[in-house]
Amino acid sequence: MVDFTLTDEQLSMREMAHDFAANEIRPVAWDYDRDATWPGEILEKAWELGLMNTHLPVEYGGAGLGTLDSCILEEEIAWGCSGIGTSLSCNGLASAPVLIAASEKLKKEYLGRLSEAPLLASFCLTEPDAGSDVSGMKTTATRKGDKWVISGSKCFITNGEYANWYTVYAKTDKDAGHRGISCFIVPRDAGVVVDKHEDKMGQRASNTATITFPEVEIPLDHLVGEENKGFKIAMTTLDRTRPGVAAMGVGVARAAMEMAVEYSKQRVQFGVPIAMHEAIQFMIADMATKVHLSRLATWNSAVLLDQGKRNTIESSHAKRFAADTAMEVTTDAVQVFGGYGFIKEYKVEKLMRDAKILQLYEGTAQIQRLVIARETLLPRRVEQPAAAAH
Ligand code: COS
């Protein structure tokens, strides 16, 4: 049966997340954006309320919520501020590879850390010369006695400056392309260096850093999954986390639409509120349709995961459509505000700047189309990565 009716539990979770976004995030979001302030206090409050690490299974101290549940929460938080939403949901990205493939020992240790205290973890895949082309990475991991030695540098790492541990992808066989990549957990105190905090166009409350591993030594058992199977772990991770990015796109687009609706009822031109003009009504109608369809695609991609099914194409549909929607709707919302939309005092411009990164991170809009094209032209069955037998 196809049914997107939310349960009473989901409705009350959504209300709680919305109240948190309205009372704790929105009142400070524009100041945090202006000053690029780290939202540490907000993250701690969210952690106390159980709005962080929602994805962690109960056995590792988490709430054990499903992907759909998490998407419902992420939409509300991003409605408050997607920069703060990105900071808040980043543990989900960093811990997905661990949940997918790590040994029980690593899961207990590192996922346990996130549920015992408001700590953060980061996902380190991207490098200066390896963005969309993951196989082009240069970071290496070499065995030395009873250690792995990690050498290299990762960029655009969300929460990088504040993370307690990192999931890091590195080449364990330099000549094997994507089949020579492995995934590791690297604790920050192993000697990780935080190099650069980026000054960004949007989502300025989120922290984005360059992270360097100067011959950092970690125990052999910190390999996540099997050696040289890291590429598939990364791809499976992104299948799982892209619905959350899509949900943030829905939240940002909805926020912009609401602002445009409110403004269009107040702003009078040619003797009537501009909401009476068909030109504006059609823009509002397109916004509403895009928000609605983005949410449906997001929920569909999430429900498939909750049913234990592969969701590669649905995840890319949702991520690409909701991110493009966020960009289009925020741009049109600025248009509804006219010249005032371009002025910072009117706040809608922040949403337009915030939306842009949704089309870039966790796979650009073009990479999503590439995945969709490949899955459509040549559907394939993909084996899921196995956990390492440490
Ligand atoms: N799940 C499981 N396995 C997958 C997979 C998926 N979703 N997608 C691909 N694979 C497997 C393939 O089946 C193939 O397996 P074999 O080694 O058995 O042949 C392998 O991975 C390589 O796949 P492919 O040939 O498609 O790899 P490409 O190098 O062409 O890269 C893209 C594919 C471009 C889709 C990938 O590199 C990508 O997603 N890039 C974007 C990275 C990204 O999102 N970065 C953001 C970082 S997080 S902010």
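The values are calculated or read from the model by the stated rules, or taken from the named source; none is laboratory data. Keep in mind that this is a model prediction, so the values were computed, not measured. Note that each Cβ is placed from the backbone with ideal geometry, even for glycine, and that neighbours are counted across all protein chains shown. Side chains are part of the model used for accessible areas, which takes the heavy atoms of the whole protein and leaves out ligands, DNA and RNA. Shrake-Rupley method; radii C 1.70, N 1.55, O 1.52, S 1.80 Å.
Residue-wise HN-Hα couplings along the range 354-369, as the Karplus relation 6.51 cos²θ - 1.76 cosθ + 1.60 with θ = phi - 60° gives them from phi, are 5, 5, 4, 5, 5, 7, 10, 7, 6, x, 5, 4, 6, 5, 4, 5 Hz; Gly and Pro carry x. Which listed residue (S89, F282, W30) has the Cα farthest towards the positive end of the charge dipole for the chain, taking +1 on Lys and Arg C-beta and -1 on Asp and Glu C-beta about the Cα centre? Final value for the positive-end residue is F282.
What net charge is computed for the residues neighbouring M327, neighbours being all others with C-beta under 12 Å from the C-beta of M327, Lys and Arg scored +1, Asp and Glu -1?
Numbers: positive: K290, R320, R353, K356; negative: D324, E328, D332, D354.
It works out to a net charge of 0.
The residues M137, M283, sorted by heavy-atom accessible surface at 1.4 Å with ligands and nucleic acids left out, run M283, M137 from largest to smallest. Rounded to the nearest 500, the 222 nm mean residue ellipticity of the chain from helices alone is -16000 deg cm²/dmol, with -39,500 (n - 2.57) taken per DSSP H run of at least 4 residues. Full extension of the chain between L220 and K344 gives 39.5 nm of extra length, using 0.36 nm per residue less the Cα-Cα distance.
Accessible area of the chain with a 1.4 Å probe: how many percent of it is carbon plus sulfur?
Carbon and sulfur: 54 percent of the exposed surface of the chain.
Net charge near E75: determine it from the other residues with C-beta under 12 Å of the C-beta of E75, scoring Lys and Arg +1 and Asp and Glu -1. Spelling it out: positives minus negatives among the neighbours equals 0.
Here the dipole of the range 121-228 is about 120 debye; that uses its Cα centre as origin and unit charges on the Cβ of Lys and Arg (positive) and Asp and Glu (negative).
Roughly speaking, what is the stretch gain from R380 to M16, that is 0.36 nm per residue apart minus the C-alpha to C-alpha distance, in nm to one decimal? Intermediate values should be presented prior to the final figure.
On the way: separation 364, 0.36 × 364 = 131.04 nm, distance 4.01 nm.
Separation in residues times 0.36 nm, less the Cα-Cα distance, equals 127.0 nm.
Let me know the charge dipole size of the chain about its Cα centre in debye, to the nearest 20, where only the beta-carbon of Lys, Arg (+1) and Asp, Glu (-1) is charged.
Values: 42 positive and 52 negative charges, 208 e Å.
That gives a dipole near 1000 debye.
For Y166, enumerate residues with amide H under 5 Å from its amide H, sequence gap 5+ or separate chain, H modeled in the peptide plane. For Y166, the qualifying residues are S122, V186, R188.
When ligands, DNA and RNA are left out and all protein chains stay put, how many square angstrom of accessible area per residue does the chain have with a 1.4 Å probe?
Numbers: 17350 Å² over 390 residues.
Counting only protein heavy atoms, the per-residue value for the chain is 44 Å².
Amide H to amide H distances under 5 Å link E127 with C155, where only residues 5 or more positions off or on other chains count and H is placed in the peptide plane. Considering the zone a paramagnetic label at V193 would reach in this model (a point 7 Å from Cα along the Cα-to-Cβ line), which residues of the range 140-175 have amide N under 16 Å from it? Backbone N within reach: 140, 150-155, 161.
Which shape class applies to the range 121-228: rounded if a/c is under 1.5, otherwise prolate when a/b exceeds b/c and oblate if not, where a ≥ b ≥ c are the square roots of the Cα gyration tensor eigenvalues?
On the way: a/c = 2.23, a/b = 1.43, b/c = 1.56.
Here the range 121-228 falls in the oblate category.
Remark: the range 49-56, residue by residue, has Karplus-estimated 3J(HN,Hα) of 7, x, 8, 10, 6, 4, 7, 6 Hz, where x stands for each Gly or Pro and the curve is 6.51 cos²θ - 1.76 cosθ + 1.60 at θ = phi - 60°. Taking all protein chains together and a 1.4 Å probe, the residues F337, F156, F4 rank F156, F4, F337 from largest to smallest accessible area. Partners of K154 within straight-line reach, counting lysines whose Cα lies under 21 Å from its Cα and excluding those fewer than 8 residues away in the same chain: K138, K171, K174, K196, K200, K229, K232.
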